[in-house]
Amino acid sequence: MQKRIQKAFSLKGEIIIPPDKSISHRAIICASLAKGNSIIKNFSTGKDPHSTLNICKNLGVEIEFKTNSELIIKSCGTFNQYSSALDCGNSGTTMRLMAGVLAGQNFNSVLIGDKSLSQRPMKRIIKPLSMMGAKIETNEFKAPLKITGTNLQPINYISELSSAQVKSCVLLAGLNIEGKTTFTEPYVSRNHTEILLKHMGANISTSNTSVSIEKSELSPIDINIFGDISSAAYFIAAGLIVPDSEIILKNVGLNPTRTGILTIAEKMGANIEIIDKKEILGEVVGDLKIKYSELQGTIIEGEIIPQLIDEIPIIAVLATQAKGTTIIKDAQDLRNKESDRISTVVTELKKLGANIQETPDGMIIEGKTELIGNCEIETYHDHRLAMSMFVAGLLCKKEILINGFEWVDISFPEFEKLFETLA
Ligand code: S3P
């Protein structure tokens, strides 16, 4: 699908941010592993969480839709073998988390993905799972993953990567093993799995950058999923850089392992106010008031990278409108996302007229630049690139045409409709 984007002159209004994708994946997996009836309200409409949901259904869990976003999950707490391959679609989270769950089952399974997912690295999960005794066959550590279910042993794993997907894979495997499984990462990545498992009664504890888990029975949950800060990020950026804008974003998840974009935007001089902060099931949630701001360049590196890893494409757009130099470092894992986000972000923003250079582990952006547009943009099967370029298009002097805009549906089908309410 092609999408034409024209310059916007002011964005004003209030938006309720749609449900968090990461939490939707975890809620459906953990509810499926809990014996009894769970209720999930405000489940994401994105294609990725629905890939996870369909896999849980195929593994024998009864999932009933009360509305298009409210689910009742009836589970006996165990999975059954599925006769065919389990399709993770475009979703790395589905493949990596489900591999952890399936490696220790008493049956075999095969996880497959689309073209983009089949090119993404799986060694990061196969390494710790193999240390636990898992039997996983692949072609050069890429999907399909052929898993022979077996009894696993606990490990104490020191990860070179700060990755919530790898951490969650190991923790979900550890949930089913006698003894203590520990995962340590360089910096803390998003901790939704830990929070949810604890809430459901798992024997799990954290200390600095380590998490330990022991075999546990989960209790069913009743959860109302709040808004995804990674989806809010496009409205935060648009509100900050489209002149004369003022936007209120309601019900946004503000877990400190996800709020790197707010920390960086504030460092750049952004006018963002957090209102009505509260706690829901161990997670912080609040509303944000965003006003157009004069921004300064900054350096983004180290510990904060996992806290904003999915927001780097839209932060790059923000940086084109900030005075001075913005340097993004230590983000080499961006090359392993739905696209090589260092290369694709730089290539597409250059087409619009941005002054941006690729580095091995990030990018350097000089601002403030007037974006010209008048070109066609590619999305490389990458939802976050599509949405970031949409926001960049709102600033371009001349119209742009985005090819493959349908990829937005992976995480945020409501994206364009919500933007229209602000015009
Ligand atoms: C996710 C973790 C992140 C992120 C992805 C979702 C998750 O990946 O990029 O979009 O839900 O666990 P890594 O933690 O592997 O970097």
field: Separation between Cα centres of region 1-22 and region 38-117, rounded to whole Å
entry: 29 Å
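Over its Cα atoms, what ratio of radius of gyration to 2.2 N^0.38 Å does the chain give? Walk me through the intermediate numbers first.
On the way: Rg = 20.9 Å, N = 423, 2.2 N^0.38 = 21.9 Å.
Expressed relative to 2.2 N^0.38 Å, the Cα Rg reads 0.96.
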- prompt: Can you tell which of Phe412, Phe141, Phe390 shows the greatest fluctuation in a Gaussian network model of the chain with Cα springs below 10 Å?
  reply: Phe141
- prompt: Which GluC sites (Glu not before Pro) in region 279-345 pass both tests, a DSSP loop state and at most 15 other beta-carbon atoms within 10 Å?
  reply: Glu294, Glu301
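Do any GluC sites (Glu not before Pro) in region 80-180 lie in a loop, going by DSSP, with at most 14 other beta-carbon atoms within 10 Å of their beta carbon, and if so which?
Working: sites: Glu137, Glu140, Glu160, Glu178; in loops: Glu140, Glu160, Glu178.
Hits after loop and neighbour filter: Glu140, Glu160, Glu178.
In whole percent, and with a 1.4 Å probe on the protein chains, what portion of the accessible area of region 292-423 is carbon and sulfur?
Numbers: 2240 of 4650 Å².
Summing carbon and sulfur atoms, their accessible area is 48 percent of the total for region 292-423.
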- line: Per residue, accessible area of the chain with a 1.4 Å probe, heavy atoms of protein chains only, in Å², comes to 38 Å²
task: Place a label point 7 angstrom from the Cα of Asn106 along the Cα-to-Cβ direction, then list the residues of region 164-192 whose backbone nitrogen is under 12 Å away.
output: none
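Hand me the chymotrypsin sites (Phe, Trp or Tyr not before Pro) from region 6-115 located in a DSSP loop with no more than 16 other Cβ atoms within 10 Å, in residue order please.
Numbers: sites: Phe9, Phe43, Phe65, Phe79, Tyr82, Phe107; in loops: Phe9, Phe43, Phe79, Tyr82, Phe107.
In loop regions of region 6-115 (DSSP not H, G, I, E or B), the sparsely surrounded chymotrypsin sites (Phe, Trp or Tyr not before Pro) are Phe9, Phe107.
Looking only at trypsin sites (Lys or Arg not before Pro) in DSSP loops with at most 11 other Cβ atoms within 10 Å, what is the longest site-free stretch of the chain?
Longest site-free region, per DSSP loop and neighbour criteria: 116-423.
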- prompt: What part of the accessible area of region 113-229, given as a whole %, is carbon or sulfur when the probe is 1.4 angstrom?
  reply: 45 percent
field: GNM top mover of Thr148, Thr326, Thr193 - the chain, alpha-carbon springs below 10 Å
entry: Thr148
task: Calculate the spin-label point distance for Glu301 paired with Glu14, positioning each point 7 Å from the Cα along the beta-carbon direction, and give it in nanometres.
output: 4.3 nm
- request: Would you mind telling me which residue in Ser216, Ser44, Ser230 has the biggest mean-square fluctuation in a Gaussian network model of the chain, where springs connect alpha carbons within a distance under 10 angstrom?
  value: Ser216
Nitroxide proxy distance, nm - points 7 Å out along Cα→Cβ at Asp222 and Ile72: 1.3 nm
field: Label point at Lys146 placed 7 Å out along Cα→Cβ; residues across region 106-125 whose backbone nitrogen lies under 15 Å
entry: 108-112
- prompt: Label Ala85 and Gln2 with points 7 Å out from Cα along Cα→Cβ: what is the distance between them in nm?
  reply: 3.3 nm
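Counting only protein heavy atoms and a 1.4 Å probe, tell me what percentage of region 1-56's accessible area is made up of carbon and sulfur. All intermediate terms of the calculation are to be shown ahead of the outcome.
Values: 1040 of 2070 Å².
Carbon plus sulfur share of accessible area: 50 percent.
The values are calculated or read from the model by the stated rules, or taken from the named source; none is laboratory data. All of these numbers come straight from a predicted model, not from anything done at the bench. We place every Cβ from the backbone using ideal geometry, glycine too, and count neighbours over all the protein chains shown. The protein model used for the area step is the full one, side chains on, heavy atoms only, and it has no ligands, DNA or RNA in it. Shrake-Rupley method; radii C 1.70, N 1.55, O 1.52, S 1.80 Å.
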